[in-house]
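To keep things clear, I will list the structure first and then write my remarks on it.
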Amino acid sequence: MNLQTFIEKFREAVITKVAQDSNPLYRPGADRKEAYQLIKHIPRRPIACQIDAIGGIVKALKSRGSVVLVGEMGLGKTYISIAASSALAYQKTLVVCPPHLVGKWRREVKQTIPSAQVDIVEKIGDIERALRQKQRPLFLILSREKAKLGYYWNGQARKLKDGTLICPKCRTLLLDRDDVPLTQEALNRRKRKCKECHEPLWQADRTGPRRFPLASYLKNKHPRHFDLLISDECHEYKGAATAQGIALDHLGKAAKKILALTGTLLGGY
(Lines give C-alpha, C1' and ligand atoms only; values in the text may rest on other atoms or scores of the structure.)
Protein backbone atom coordinates (compact mmCIF):
# COMPACT_ATOMS: atom_id res chain seq x y z
CA MET A 1 0.00 0.00 0.00
CA ASN A 2 1.47 3.33 -1.05
CA LEU A 3 1.28 6.50 1.05
CA GLN A 4 -1.54 8.09 -0.92
CA THR A 5 -3.72 4.97 -0.64
CA PHE A 6 -2.93 4.68 3.06
CA ILE A 7 -3.96 8.29 3.75
CA GLU A 8 -7.16 7.94 1.71
CA LYS A 9 -8.12 4.71 3.51
CA PHE A 10 -7.31 5.84 7.05
CA ARG A 11 -7.96 9.55 6.67
CA GLU A 12 -10.41 9.90 9.55
CA ALA A 13 -8.25 7.88 11.95
CA VAL A 14 -5.18 9.95 11.09
CA ILE A 15 -7.06 13.23 11.60
CA THR A 16 -8.43 12.04 14.93
CA LYS A 17 -4.99 10.94 16.14
CA VAL A 18 -3.32 14.21 15.11
CA ALA A 19 -6.07 16.19 16.87
CA GLN A 20 -5.53 14.15 20.05
CA ASP A 21 -1.75 14.49 20.08
CA SER A 22 -1.50 18.10 18.92
CA ASN A 23 -2.18 21.05 21.15
CA PRO A 24 -1.56 24.17 19.05
CA LEU A 25 -0.59 27.39 20.80
CA TYR A 26 -2.89 29.32 18.48
CA ARG A 27 -6.10 28.16 16.80
CA PRO A 28 -6.82 30.06 13.57
CA GLY A 29 -10.28 31.56 13.66
CA ALA A 30 -11.07 30.57 17.24
CA ASP A 31 -8.37 32.82 18.73
CA ARG A 32 -8.67 35.58 16.13
CA LYS A 33 -10.66 38.00 18.28
CA GLU A 34 -8.08 37.81 21.04
CA ALA A 35 -5.26 38.37 18.54
CA TYR A 36 -6.99 41.39 17.02
CA GLN A 37 -7.17 43.08 20.43
CA LEU A 38 -3.37 43.10 20.50
CA ILE A 39 -3.07 45.05 17.24
CA LYS A 40 -6.21 47.17 17.08
CA HIS A 41 -4.09 50.24 17.88
CA ILE A 42 -2.19 49.86 14.59
CA PRO A 43 -3.47 52.22 11.84
CA ARG A 44 -3.08 49.64 9.07
CA ARG A 45 -5.90 47.12 9.29
CA PRO A 46 -4.93 43.47 8.71
CA ILE A 47 -6.93 40.83 6.88
CA ALA A 48 -8.05 37.63 8.61
CA CYS A 49 -5.11 35.42 7.67
CA GLN A 50 -2.67 38.15 8.76
CA ILE A 51 -4.37 38.38 12.16
CA ASP A 52 -3.96 34.62 12.58
CA ALA A 53 -0.28 34.80 11.62
CA ILE A 54 0.33 37.68 14.04
CA GLY A 55 -1.53 35.86 16.82
CA GLY A 56 0.47 32.69 16.23
CA ILE A 57 3.79 34.55 16.28
CA VAL A 58 2.87 36.36 19.51
CA LYS A 59 1.89 33.14 21.27
CA ALA A 60 5.01 31.35 20.04
CA LEU A 61 7.51 34.08 20.96
CA LYS A 62 6.11 34.22 24.47
CA SER A 63 7.11 30.61 25.04
CA ARG A 64 10.18 30.07 22.83
CA GLY A 65 13.20 31.85 21.45
CA SER A 66 12.55 31.74 17.70
CA VAL A 67 9.77 31.43 15.13
CA VAL A 68 9.71 30.95 11.36
CA LEU A 69 6.97 32.64 9.33
CA VAL A 70 6.52 30.88 5.99
CA GLY A 71 4.20 32.55 3.48
CA GLU A 72 3.97 33.07 -0.24
CA MET A 73 4.70 36.41 -1.86
CA GLY A 74 1.88 38.88 -1.26
CA LEU A 75 0.92 37.57 2.17
CA GLY A 76 2.40 40.63 3.83
CA LYS A 77 5.17 39.01 5.86
CA THR A 78 6.86 42.39 6.41
CA TYR A 79 3.70 43.90 7.84
CA ILE A 80 2.93 40.79 9.92
CA SER A 81 6.36 40.82 11.55
CA ILE A 82 6.21 44.55 12.34
CA ALA A 83 2.71 44.18 13.79
CA ALA A 84 3.81 41.19 15.87
CA SER A 85 6.69 43.23 17.31
CA SER A 86 4.21 45.97 18.23
CA ALA A 87 1.72 43.48 19.72
CA LEU A 88 4.48 42.18 21.98
CA ALA A 89 5.38 45.76 22.96
CA TYR A 90 9.00 45.26 21.92
CA GLN A 91 10.97 48.48 22.23
CA LYS A 92 14.07 47.60 20.17
CA THR A 93 13.82 45.57 16.98
CA LEU A 94 16.69 44.72 14.64
CA VAL A 95 15.95 43.92 10.98
CA VAL A 96 18.35 42.31 8.49
CA CYS A 97 17.20 42.09 4.87
CA PRO A 98 18.48 42.04 1.27
CA PRO A 99 19.98 45.39 0.18
CA HIS A 100 17.18 46.23 -2.27
CA LEU A 101 14.53 45.87 0.48
CA VAL A 102 16.05 48.27 3.03
CA GLY A 103 13.95 51.22 1.83
CA LYS A 104 10.80 49.11 1.72
CA TRP A 105 11.30 48.02 5.31
CA ARG A 106 11.70 51.60 6.50
CA ARG A 107 8.57 52.67 4.64
CA GLU A 108 6.50 49.76 5.98
CA VAL A 109 7.55 50.36 9.58
CA LYS A 110 6.57 54.04 9.38
CA GLN A 111 3.22 53.15 7.78
CA THR A 112 2.47 50.50 10.40
CA ILE A 113 3.84 52.25 13.51
CA PRO A 114 4.00 56.01 12.74
CA SER A 115 5.50 56.80 16.16
CA ALA A 116 8.46 54.45 15.67
CA GLN A 117 12.06 55.62 15.33
CA VAL A 118 13.39 53.95 12.18
CA ASP A 119 17.09 54.06 11.27
CA ILE A 120 18.93 52.47 8.35
CA VAL A 121 22.44 51.72 9.61
CA GLU A 122 25.47 51.32 7.35
CA LYS A 123 28.36 51.78 9.78
CA ILE A 124 29.17 51.53 13.47
CA GLY A 125 28.60 55.25 14.04
CA ASP A 126 25.04 54.91 12.68
CA ILE A 127 24.31 52.14 15.19
CA GLU A 128 25.56 54.09 18.18
CA ARG A 129 23.72 57.27 17.17
CA ALA A 130 20.49 55.32 16.72
CA LEU A 131 20.79 53.60 20.09
CA ARG A 132 21.31 56.95 21.81
CA GLN A 133 17.92 58.13 20.55
CA LYS A 134 15.25 58.14 23.26
CA GLN A 135 12.27 57.64 20.96
CA ARG A 136 10.69 54.19 21.18
CA PRO A 137 9.89 51.78 19.67
CA LEU A 138 13.14 51.66 17.72
CA PHE A 139 13.69 49.71 14.50
CA LEU A 140 17.27 49.32 13.24
CA ILE A 141 17.45 48.15 9.62
CA LEU A 142 20.64 46.90 7.96
CA SER A 143 21.30 45.08 4.73
CA ARG A 144 22.83 41.64 4.86
CA GLU A 145 25.82 42.94 2.88
CA LYS A 146 26.62 45.58 5.50
CA ALA A 147 26.06 42.97 8.19
CA LYS A 148 28.61 40.50 6.83
CA LEU A 149 31.30 42.53 5.05
CA GLY A 150 34.50 43.36 6.92
CA TYR A 151 38.11 44.21 6.23
CA TYR A 152 40.45 42.11 4.08
CA TRP A 153 43.02 39.98 5.89
CA ASN A 154 46.03 37.80 5.13
CA GLY A 155 47.53 34.84 6.91
CA GLN A 156 50.70 35.65 8.86
CA ALA A 157 53.55 33.39 9.94
CA ARG A 158 57.35 33.42 10.15
CA LYS A 159 59.02 31.60 7.26
CA LEU A 160 62.23 29.65 7.75
CA LYS A 161 64.93 29.37 5.08
CA ASP A 162 63.58 26.01 3.95
CA GLY A 163 60.10 27.54 3.48
CA THR A 164 58.58 25.99 6.60
CA LEU A 165 56.10 28.21 8.45
CA ILE A 166 56.27 28.70 12.21
CA CYS A 167 54.24 30.71 14.71
CA PRO A 168 55.54 34.32 14.86
CA LYS A 169 55.18 34.30 18.66
CA CYS A 170 56.19 30.89 20.06
CA ARG A 171 57.98 29.62 16.92
CA THR A 172 56.03 26.33 16.92
CA LEU A 173 55.90 24.48 13.59
CA LEU A 174 52.50 25.13 12.00
CA LEU A 175 50.69 21.90 11.12
CA ASP A 176 47.18 21.05 9.99
CA ARG A 177 44.97 18.44 11.67
CA ASP A 178 46.80 15.67 9.79
CA ASP A 179 50.19 16.97 10.97
CA VAL A 180 51.04 18.21 7.48
CA PRO A 181 52.96 21.54 7.40
CA LEU A 182 50.68 24.47 6.58
CA THR A 183 51.30 26.56 3.48
CA GLN A 184 50.77 30.29 3.04
CA GLU A 185 47.81 29.51 0.75
CA ALA A 186 46.17 27.50 3.55
CA LEU A 187 46.68 30.34 6.02
CA ASN A 188 45.08 32.77 3.58
CA ARG A 189 41.97 30.62 3.14
CA ARG A 190 40.83 30.47 6.77
CA LYS A 191 41.58 32.36 9.97
CA ARG A 192 43.61 30.14 12.28
CA LYS A 193 45.33 30.32 15.66
CA CYS A 194 48.52 28.66 16.84
CA LYS A 195 47.72 25.36 18.58
CA GLU A 196 50.31 26.04 21.27
CA CYS A 197 50.03 29.71 22.24
CA HIS A 198 46.76 30.61 20.43
CA GLU A 199 48.39 33.52 18.62
CA PRO A 200 46.20 34.68 15.68
CA LEU A 201 47.81 33.58 12.42
CA TRP A 202 46.27 36.41 10.40
CA GLN A 203 46.38 40.20 10.21
CA ALA A 204 44.35 42.96 8.60
CA ASP A 205 45.29 44.02 5.07
CA ARG A 206 45.97 47.75 5.32
CA THR A 207 45.58 48.18 1.57
CA GLY A 208 41.93 47.05 1.67
CA PRO A 209 38.76 48.75 2.91
CA ARG A 210 38.70 49.83 6.56
CA ARG A 211 35.43 48.41 7.85
CA PHE A 212 34.18 45.99 10.49
CA PRO A 213 31.23 43.59 10.02
CA LEU A 214 28.21 45.16 11.70
CA ALA A 215 26.94 41.72 12.73
CA SER A 216 30.14 40.97 14.63
CA TYR A 217 30.10 44.43 16.20
CA LEU A 218 26.54 44.00 17.48
CA LYS A 219 27.32 40.55 18.88
CA ASN A 220 30.40 41.79 20.75
CA LYS A 221 29.27 45.28 21.77
CA HIS A 222 25.52 44.81 22.31
CA PRO A 223 24.79 41.16 23.18
CA ARG A 224 21.05 40.48 23.72
CA HIS A 225 20.42 44.22 23.48
CA PHE A 226 17.48 43.95 21.07
CA ASP A 227 14.12 42.45 21.95
CA LEU A 228 13.70 40.93 18.49
CA LEU A 229 15.73 40.13 15.38
CA ILE A 230 13.71 39.90 12.17
CA SER A 231 15.56 38.01 9.43
CA ASP A 232 13.98 38.61 6.03
CA GLU A 233 14.50 35.99 3.28
CA CYS A 234 16.06 33.72 5.89
CA HIS A 235 16.56 30.81 3.47
CA GLU A 236 19.47 32.74 1.95
CA TYR A 237 21.45 32.34 5.20
CA LYS A 238 21.22 28.54 5.37
CA GLY A 239 24.97 27.93 4.77
CA ALA A 240 26.37 27.75 8.31
CA ALA A 241 29.96 28.25 7.10
CA THR A 242 29.16 31.13 4.70
CA ALA A 243 29.71 34.79 5.52
CA GLN A 244 25.93 35.34 5.49
CA GLY A 245 25.28 32.37 7.77
CA ILE A 246 27.92 33.52 10.24
CA ALA A 247 26.52 37.07 10.16
CA LEU A 248 23.03 35.84 11.00
CA ASP A 249 24.42 33.79 13.89
CA HIS A 250 26.15 36.90 15.25
CA LEU A 251 23.03 39.03 14.86
CA GLY A 252 21.02 36.38 16.68
CA LYS A 253 23.32 36.79 19.68
CA ALA A 254 22.48 40.50 19.76
CA ALA A 255 18.76 39.77 20.28
CA LYS A 256 16.62 37.93 22.81
CA LYS A 257 14.16 36.55 20.23
CA ILE A 258 14.33 35.74 16.51
CA LEU A 259 11.60 35.89 13.84
CA ALA A 260 12.66 34.46 10.47
CA LEU A 261 10.68 35.21 7.29
CA THR A 262 10.67 33.24 4.06
CA GLY A 263 8.45 32.31 1.16
CA THR A 264 10.64 29.42 0.01
CA LEU A 265 11.62 27.38 3.04
CA LEU A 266 12.41 24.17 1.13
CA GLY A 267 14.35 24.22 -2.12
CA GLY A 268 12.48 27.07 -3.76
CA TYR A 269 9.02 25.60 -3.30
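The values are calculated or read from the model by the stated rules, or taken from the named source; none is laboratory data. Keep in mind the model is a prediction, meaning the values are calculated, not measured. Quick reminder, even Gly has a Cβ in these numbers, built from the backbone with ideal geometry, and neighbours come from all protein chains shown. SASA here: full protein model, heavy atoms, side chains in, ligands and nucleic acids out. Shrake-Rupley method; radii C 1.70, N 1.55, O 1.52, S 1.80 Å.
Anything in region 101-143 that is of a type in the set (Asp, Glu), in contact (Cβ under 8 Å) with a residue 24 or more places away in the chain and more than 20 Å from residue 88 (Cβ to Cβ)? List them, or say none. Full working, then the answer.
At the first step, the residues of region 101-143 found to be of a type in the set (Asp, Glu) are 108, 119, 122, 126, 128.
Those left that are additionally in contact (Cβ under 8 Å) with a residue 24 or more places away in the chain: 108, 122.
The answer is 122, and nothing else.
Within region 181-193, being assigned to a helix (DSSP H, G or I) and either in contact with a Cys (Cβ under 9 Å, 6 or more places away or on another chain) or open to solvent by less than 90 Å² (accessible area, probe 1.4 Å) (or both) holds for 184, 186, 187, 188.
Would you point out the residue of region 142-178, among those that are hydroxyl-bearing (Ser, Thr, Tyr) and over 30 Å from residue 229 (Cα atoms), that is nearest to the chain's Cα centre (by Cα)? Only one residue tops the list, namely 172.
Scan region 187-202 residue by residue and report those that are modelled with pLDDT under 90 and not charged (D, E, K, R). Correct list: 188, 202.
If the condition is being assigned to a loop (DSSP other than H, G, I, E, B) and surrounded by 11 or more Cβ atoms within 10 Å (Cβ to Cβ), then region 161-180 contributes 164, 167, 168, 169, 170, 171, 172, 174, 176. Just checking, does region 194-217 include any residue being in a strand (DSSP E or B), surrounded by 16 or more Cβ atoms within 10 Å (Cβ to Cβ) and under 13 Å from the mean Cα position of the chain (by Cα)? Looking for residues that are in a strand (DSSP E or B), surrounded by 16 or more Cβ atoms within 10 Å (Cβ to Cβ) and under 13 Å from the mean Cα position of the chain (by Cα), one finds none in region 194-217, hence no. Only residues that are among the aliphatic types (A, V, I, L, M), open to solvent by 80 Å² or more (accessible area, probe 1.4 Å) and closer than 22 Å to residue 113 by Cβ were counted across region 12-69, and they come to 1. In this structure, residue 84 does not satisfy being closer than 21 Å to residue 141 by Cα and surrounded by fewer than 14 Cβ atoms within 10 Å (Cβ to Cβ).
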